[in-house]
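The values are calculated or read from the model by the stated rules, or taken from the named source; none is laboratory data. Values in this document were obtained by computation on a predicted structure and should not be read as measured data. Cβ placement follows ideal geometry from the backbone for every residue including glycine, while neighbour counts extend to all protein chains displayed.
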Amino acid sequence: MNALAIALHGLAATVWVGGMFFAYVVLRPSMSLLEPHRRLTIWAGVFKRFFPWVWMAVLILPLTGYWLVFSAFGGFATSPVYVHLMHALGLLMIVLFIYLYYRPYASLKTAVASEDWPAAGVALNRVRHVVLINLVFGLVLVASVYAGRYGLFS
């Protein structure tokens, strides 16, 4: 059962962090070539398709994470430092995503639907900032987990 939990945990993290990396590092610069109304419409469509995957990750990561903390490590008291770091950053990322989804992304959808391009631009900029913060947290989290397993914090 732990192997399944680890596999699901890793896949969910890969989808979420990898998706943010692709969106921020590859797609964002490529989209700057488009006219604002086209760019904003495409971003709304990209998020509409990506965010259901993030919601799945938001459910899978804590479920599998807590399963592993208690089955593989015997609880938080005996978990290594990298597990505590993963837990803290993971919860912070989830909170930031929930904020992003219900505030800036909701504003982006509304503005794009009503073709209010200046408001959509402001909303997309807010989305971009939250995604950047979450991407940095996600990359730090992944690096610390991999390095932590091999003694980074020992």
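Which condition number does residue 69 fail, the rest of (1) touching a Phe, Trp or Tyr at 6+ places or on another chain (Cβ under 9 Å); (2) closer than 20 Å to residue 134 by Cβ; (3) of a type in the set (Val, Ile, Thr) being met?
(2)
Counting only residues that are in a helix (DSSP H, G or I) and either free of Cβ contacts under 8 Å to residues at least 60 places away in the same chain or loosely packed, with under 13 Cβ neighbours inside 10 Å (or both), how many does segment 112-140 have?
Here the count works out to 13.
Report every pair of residues separated by at least 6 positions or lying on different chains whose Cβ atoms are under 7 Å apart, first residue within segment 46-57 and touching a residue at least 60 places away in the same chain (Cβ under 8 Å), second crowded, with 16+ Cβ neighbours inside 10 Å.
Correct list of pairs: 47/105.
Out of all the residues in segment 39-47, is one or more over 26 Å from residue 118 (Cα atoms), surrounded by 12 or more Cβ atoms within 10 Å (Cβ to Cβ), in contact with a helix residue (DSSP H, G or I) (Cβ under 9 Å, 6 or more places away or on another chain) and of a type in the set (A, V, I, L, M)?
Filtering segment 39-47 for residues over 26 Å from residue 118 (Cα atoms) gives none.
No, every residue in segment 39-47 fails to be over 26 Å from residue 118 (Cα atoms), surrounded by 12 or more Cβ atoms within 10 Å (Cβ to Cβ), in contact with a helix residue (DSSP H, G or I) (Cβ under 9 Å, 6 or more places away or on another chain) and of a type in the set (A, V, I, L, M).
Checking residue 109 against (1) surrounded by 14 or more Cβ atoms within 10 Å (Cβ to Cβ); (2) touching a Pro at 6+ places or on another chain (Cβ under 9 Å): exactly one of these is not met. Which one?
(2)
Test each condition in (1) at pLDDT below 95; (2) farther than 30 Å from residue 71 by Cα for residue 2 and report the one that comes out false.
All conditions pass for residue 2, except number (2).
Before we move on, is residue 147 surrounded by fewer than 19 Cβ atoms within 10 Å (Cβ to Cβ), under 26 Å from residue 60 (Cα atoms), out of contact with any Leu (no Cβ under 8 Å at 6 or more places or on another chain) and modelled with pLDDT under 95?
Numbers: surrounded by fewer than 19 Cβ atoms within 10 Å (Cβ to Cβ): yes; under 26 Å from residue 60 (Cα atoms): yes; out of contact with any Leu (no Cβ under 8 Å at 6 or more places or on another chain): yes; modelled with pLDDT under 95: yes.
Considered against the rule, which asks whether it is surrounded by fewer than 19 Cβ atoms within 10 Å (Cβ to Cβ), under 26 Å from residue 60 (Cα atoms), out of contact with any Leu (no Cβ under 8 Å at 6 or more places or on another chain) and modelled with pLDDT under 95, residue 147 comes out as yes.
Within segment 14-105, considering only helices (runs of 4 or more DSSP H) that don't extend past its boundaries, which have at least 3 residues that are closer than 30 Å to residue 148 by Cβ?
Numbers: elements: 28-31, 36-72, 81-102.
Filter on segment 14-105 gives 36-72, 81-102.
Kindly list the number of the only condition in (1) more than 11 Å from the chain's Cα centre (by Cα); (2) within 15 Å of residue 20 (Cα to Cα) that fails for residue 119.
Looking at each condition in turn, residue 119 falls short on (2).
Limited to segment 1-24, what total is found for residues that are under 25 Å from residue 106 (Cβ atoms), without any contact (Cβ under 8 Å) to a residue 12 or more places away in the chain and of a type in the set (Val, Ile, Thr)?
Final tally of qualifying residues: 0.
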